[in-house]
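Enquirer: Sending over a structure as structure tokens; questions will come in a sec.
The values are calculated or read from the model by the stated rules, or taken from the named source; none is laboratory data. Note that the structure is a prediction, hence the values are computed from the model and not measured. Cβ atoms come from the backbone with ideal geometry, glycine included; neighbour counts cover every protein chain shown.
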Amino acid sequence: MSKSGLGVFANDDGHFNNKGARFVNGQVKKIISPTIITRSKAGFDALGSSSANTYSTENQIGAQVKEQSYTVLDEIIPGQSNSFIDTNKESYQVSAPARVMVNHMMRQLGSTPSDKIILVTSSPIERFYKDGTRNEDYIKERELMMSKPVYLDGQNEPMHQIVKHIEIAESLGAFYNDAIKYTFNKNKLRLSMDQAIVDQSSLYIDIGGRTIDTGVIQNKAIISADCHTFEDSGMLAIHDKIRISLKPYRQNISRLEIDEIIRTKQFIPDLREARSINVEDIVVKAIEEVLENAIGDILDSYNFKDFNRVRFTGGSSSILAPFIKRYVSDVSFSDTPLYDNVLGMLKFGELERIKLERELKAA
């Protein structure tokens, strides 16, 4: 927290998982949580009432507005799927559950009700931009959604005091992470731009949960008209295909289990037995079907020869790198793909904090 009391909290709030980051004592503190949230009172009373991560906030359904309780979970419990929020819908990012997830992440990062927070969140690039310009209606809707208070279960005081909200387009956060450098000198944060990266022509390809987002930087500017979102092309699409293929064996297969299946190519068809089977053919088929369409769409949109740098990022890119390399070459993969966006968002937010503090000092 700076001397002014302003603190930057960055949250890459995706459909599949949430990544959070802030600076604490000269170090970056970062966390990740799956985007799993349930209506606490909808068939989930036992777990909801005992959870430390139950919250309430305003929820609007049509013309009706009421307080709703939600519980954030680390894992889906088999047999309770009817209670869970569908976070894969595009509308999720302007919903009360999304607001709860972001506030939950700030709490996990150590926020307090007295903190004056600059909140930085993210959106798929073609929601952030519309017809090549900022989608102000959507951005204002996000800002309004994030401004409403969230309460920890049983508390009357709002969890957070958000003094400024900044929205960042996905994939551009990864660019900011590469381009903005930081050091600490006598506990003071110093930020600078890496001009060598800024001067290059770059294409960032961010493979997320629901979408793949592309960011284009040329002539020291973001070319918003050339930035795209490819819907239903991320890891959730691969998960869905694997889950459908394995459904004849078992009905309840969690996200974490599918992540492990993708990693090991092994699956336990009957939980009463420890025996696993090899499902490499199912995993490879699902990945190839999703990637083939996605990479095809990207190559239809861009000629990689037009860029000095083509960089893959996003949490799924490291898992999918061996498959991506079958389709494209002479591209780079981030060393920190899972956190690229949120770290870039944090650095950008700190630049905005410094600017705001100067304005407050001059006023």
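Enquirer: Filter region 223-235 down to the residues that are surrounded by fewer than 22 Cβ atoms within 10 Å (Cβ to Cβ) and modelled with pLDDT under 90 and list them by number.
Expert: Glu231, Asp232
Enquirer: Looking for something outside the structural domain of Glu167 (by TED's automatic domain parsing), more than 24 Å from Asp199 (Cβ to Cβ), surrounded by fewer than 17 Cβ atoms within 10 Å (Cβ to Cβ) and touching a residue at least 24 places away in the same chain (Cβ under 8 Å) - is there at least one such residue anywhere in region 341-358? Break it down stepwise before answering.
Expert: The initial filter retains those residues of region 341-358 that are outside the structural domain of Glu167 (by TED's automatic domain parsing), namely none.
Looking for residues that are outside the structural domain of Glu167 (by TED's automatic domain parsing), more than 24 Å from Asp199 (Cβ to Cβ), surrounded by fewer than 17 Cβ atoms within 10 Å (Cβ to Cβ) and touching a residue at least 24 places away in the same chain (Cβ under 8 Å), one finds none in region 341-358, hence no.
Enquirer: If I ask for residues that are charged (D, E, K, R), surrounded by fewer than 20 Cβ atoms within 10 Å (Cβ to Cβ) and either under 15 Å from the mean Cα position of the chain (by Cα) or part of a loop (DSSP other than H, G, I, E, B) (or both), which ones from region 10-31 would you list? I'd like the intermediate steps shown before the answer.
Expert: Taking region 10-31 and keeping what is charged (D, E, K, R), we get 12-13, 19, 22, 29-30.
So of that shortlist, the ones also surrounded by fewer than 20 Cβ atoms within 10 Å (Cβ to Cβ) come out as 29-30.
Residue satisfying the conditions is Lys30 alone.
Enquirer: May I ask you to list the residues in region 117-168 that are without any contact (Cβ under 8 Å) to a residue 60 or more places away in the chain and more than 27 Å from Asp226 (Cα to Cα)?
Expert: Residues satisfying the conditions are Leu144, Met145, Met146, Ser147, Gly154, Gln155, Asn156, Glu157, Pro158, His160, Gln161, Ile162.
Enquirer: If you check Ala225, Ala294, Ala221, Ala196, which single one turns out to be touching a strand residue (DSSP E or B) at 6+ places or on another chain (Cβ under 9 Å) and within 23 Å of Ser332 (Cα to Cα)? Walk me through it before giving the result.
Expert: Working: Ala225 fails: within 23 Å of Ser332 (Cα to Cα); Ala221 fails: touching a strand residue (DSSP E or B) at 6+ places or on another chain (Cβ under 9 Å); Ala196 fails: touching a strand residue (DSSP E or B) at 6+ places or on another chain (Cβ under 9 Å).
Criteria check complete, one pass: Ala294.
Enquirer: Right, another one. Does Ser317 count as surrounded by 12 or more Cβ atoms within 10 Å (Cβ to Cβ), farther than 18 Å from Ile262 by Cα and in contact with a helix residue (DSSP H, G or I) (Cβ under 8 Å, 6 or more places away or on another chain)?
Expert: So Ser317 fails the test.
Enquirer: For the list (1) surrounded by 22 or more Cβ atoms within 10 Å (Cβ to Cβ); (2) in the same structural domain as Arg127 (by TED's automatic domain parsing), I need the number of the one condition that Gln200 fails.
Expert: Result: Gln200 passes all but (1).
Enquirer: Tell me yes or no: at least one residue of region 253-263 is surrounded by fewer than 19 Cβ atoms within 10 Å (Cβ to Cβ), out of contact with any helix residue (DSSP H, G or I) (no Cβ under 9 Å at 6 or more places or on another chain), of a type outside the set (D, E, K, R) and free of Cβ contacts under 8 Å to residues at least 12 places away in the same chain.
Expert: No: zero hits.
Enquirer: When you go through (1) surrounded by fewer than 16 Cβ atoms within 10 Å (Cβ to Cβ); (2) over 26 Å from Gly14 (Cβ atoms); (3) not small (Gly, Ala, Ser) one by one for Lys247, which number turns out not to apply?
Expert: For Lys247, the failing item is (2).
Enquirer: When the residues of region 274-301 are narrowed to those that are surrounded by fewer than 17 Cβ atoms within 10 Å (Cβ to Cβ) and part of a loop (DSSP other than H, G, I, E, B), which ends up nearest to the chain's Cα centre (by Cα)? Reasoning before the result, please.
Expert: The first filter runs over region 274-301 and keeps only residues surrounded by fewer than 17 Cβ atoms within 10 Å (Cβ to Cβ), leaving 274-278, 280-281, 284-285, 288-289, 292-293, 296-297, 299-301.
Pick out the ones that are also part of a loop (DSSP other than H, G, I, E, B) and you get 274-276.
On the way: Ala274: 34, Arg275: 35, Ser276: 32 Å.
Of everything passing the filter in region 274-301, Ser276 is nearest to the chain's Cα centre (by Cα).
Enquirer: Keeping to region 299-332, report how many residues are touching a Ser or Thr at 6+ places or on another chain (Cβ under 6 Å) and aromatic (Phe, Trp, Tyr). It would help to see each step written out before you state the result.
Expert: Step one: filter region 299-332 for residues touching a Ser or Thr at 6+ places or on another chain (Cβ under 6 Å), giving 307-309, 311, 313.
Subsequent filtering for residues that are aromatic (Phe, Trp, Tyr) retains 307.
Within region 299-332, residues that are touching a Ser or Thr at 6+ places or on another chain (Cβ under 6 Å) and aromatic (Phe, Trp, Tyr) number 1.
Enquirer: Right, something else. Would it be correct to say that Ser192 is of a type in the set (S, T, N, Q) and free of Cβ contacts under 8 Å to residues at least 60 places away in the same chain?
Expert: Working: of a type in the set (S, T, N, Q): yes; free of Cβ contacts under 8 Å to residues at least 60 places away in the same chain: yes.
Yes; evaluated as a whole, the condition is true for this residue.
Enquirer: So the check is Cβ under 9 Å with 6+ separation or different chains; which pairs have a first residue in region 100-113 that's assigned by TED's automatic domain parsing to the domain that holds Ser69 and a second one that's of a type in the set (Lys, Arg) and buried (at least 23 other Cβ atoms within 10 Å of the Cβ)?
Expert: Between residues of region 100-113 that are assigned by TED's automatic domain parsing to the domain that holds Ser69 and residues that are of a type in the set (Lys, Arg) and buried (at least 23 other Cβ atoms within 10 Å of the Cβ), the close pairs are Met105/Lys19; Met106/Arg22; Leu109/Arg22; Gly110/Arg22; Ser111/Arg22.
Enquirer: While we're here: Just checking, how many residues over region 235-257 are over 13 Å from Lys285 (Cα atoms) and either in contact with a His (Cβ under 8 Å, 6 or more places away or on another chain) or outside any loop (DSSP other than H, G, I, E, B) (or both)? Don't jump to the end; show me each part of the working.
Expert: Quick first cut of region 235-257, residues over 13 Å from Lys285 (Cα atoms) only: 235-236, 247-257.
Adding the requirement that they be either in contact with a His (Cβ under 8 Å, 6 or more places away or on another chain) or outside any loop (DSSP other than H, G, I, E, B) (or both) leaves 235-236, 255-257.
Of the residues in that region, 5 qualify.
Enquirer: Tell me, which residue of region 320-340 that is in contact with a strand residue (DSSP E or B) (Cβ under 7 Å, 6 or more places away or on another chain) and not in a loop (DSSP other than H, G, I, E, B) is surrounded by the most Cβ atoms within 10 Å (Cβ to Cβ)?
Expert: Top of the filtered list is Asp340.
Enquirer: Same structure again: Filter region 202-217 for residues that are over 15 Å from Ala286 (Cβ atoms) and modelled with pLDDT of 90 or more and give the result.
Expert: Ser202, Leu203, Tyr204, Ile205, Asp206, Ile212, Asp213, Thr214, Gly215, Val216, Ile217, listed by residue number.
Enquirer: Now, a different point. Under the condition of being in contact with a Phe, Trp or Tyr (Cβ under 9 Å, 6 or more places away or on another chain) and polar (S, T, N, Q), which residue from region 108-154 is surrounded by the most Cβ atoms within 10 Å (Cβ to Cβ)?
Expert: Ser122
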